[in-house]
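The structure under discussion appears below in the form of structure tokens.
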Amino acid sequence: MSKTVKALMTRELKDRFAGVTTACVVDLTGSNVQAQEKLRRTLRKKSARLEVVKNSLARHAFAGGPLEALGNELSGPCAVITTGDTPVEVAKLLIEAAKEFTALKLKHAVYDGDRAVISIATLSKMRSRTDLLGEIANLIGSPGRRLAACLRSPQSKIAGCLKALIEKGDGGAPEAAAAA
């Protein structure tokens with residue numbers, strides 16, 4: 001391959017991975033075309049994309065960007081999986097796919113532009129963005145719910161006592177209490 005072609009391909013890869021901050025690397029060696037296409041279809045459902053790239057071109061394309069650390073870890077035949085939406089769910093999907101496709105070997109991942117390279121198994125155990133947002137919303141609302149419960153508690157106890165007195169039919173006491 002000539003230097004001009006390599007430069008064009010590197011530029012194309014650099015443009016393609018420009019806004020990507022999360023990616024996973026897998027090895028598809030030994031898998032047949034049908035298995036690879038099935039994996040691609042499954043990944044497309046999660047808005048993920050699988051691309052087989054030449055390591056040296058990928059290293060040059062990733063250089064200086066959020067995926068640079070991942071580029072340094074590329075060795076052997078590799079395929080890069082990128083997604084912008086749900087990287088944790090894609091990692092979980094890859095773990096499940098590795099059980100079905102025995103030839104699929106999970107390698108490394110970079111999450112949200114972090115300079116540390118992690119395993120795909122570690123990424124799959126992280127909480128997703130929606131899980132974290134739900135937990136934050138729960139924590140924000142928690143003090144208000146506790147305060148409301150504290151304010152309602154004495155009133156509900158008094159109402160329960162009055163109801164018991166009324167049901168018991170204890171003379172004129174309920175009427176006096178209801179008038180007050």
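The values are calculated or read from the model by the stated rules, or taken from the named source; none is laboratory data. Just so we're clear, the structure is a prediction, and the values are computed from it rather than from any experiment. Cβ atoms come from the backbone with ideal geometry, glycine included; neighbour counts cover every protein chain shown.
Data for the structure
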item	result
Restricting the range 39-55 to residues that are assigned to a helix (DSSP H, G or I) and in contact (Cβ under 8 Å) with a residue 12 or more places away in the chain, the residue that is surrounded by the fewest Cβ atoms within 10 Å (Cβ to Cβ)	N55
Qualifying residue in the range 57-66 (condition: within 23 Å of the chain's Cα centre (by Cα), touching a residue at least 12 places away in the same chain (Cβ under 8 Å) and closer than 18 Å to S119 by Cα)	yes
Matching residues in the range 73-98 - criterion: being without any contact (Cβ under 8 Å) to a residue 40 or more places away in the chain and not in a loop (DSSP other than H, G, I, E, B)	K92, I95, E96, A98
Subset of the range 123-147 [hydrophobic (A, V, I, L, M, F, W, C) and in a helix (DSSP H, G or I)]	L123, L132, L133, I136, A137, L139, I140, L147
Identity of the residue in the range 125-180, modelled with pLDDT of 80 or more and of a type in the set (D, E), that ends up nearest to L93 (Cα to Cα)	D131
Residues of the range 56-94 satisfying the condition of being surrounded by 17 or more Cβ atoms within 10 Å (Cβ to Cβ), in contact with a helix residue (DSSP H, G or I) (Cβ under 8 Å, 6 or more places away or on another chain) and acidic (D, E)	none
Selection from the range 12-23 of residues that are outside any loop (DSSP other than H, G, I, E, B) and within 15 Å of K54 (Cα to Cα)	E12, L13, K14, R16
Pick from the range 27-37, criterion touching a residue at least 40 places away in the same chain (Cβ under 8 Å) and either touching a helix residue (DSSP H, G or I) at 6+ places or on another chain (Cβ under 7 Å) or assigned to a helix (DSSP H, G or I) (or both), ranking: farthest from L123 (Cα to Cα)	A35
Conditions (1) of a type outside the set (S, T, N, Q); (2) part of a helix (DSSP H, G or I); (3) under 30 Å from V80 (Cβ atoms): number failed by K107	(2)
Residues being surrounded by fewer than 19 Cβ atoms within 10 Å (Cβ to Cβ), under 14 Å from the mean Cα position of the chain (by Cα) and not charged (D, E, K, R) - total across the range 114-136	8
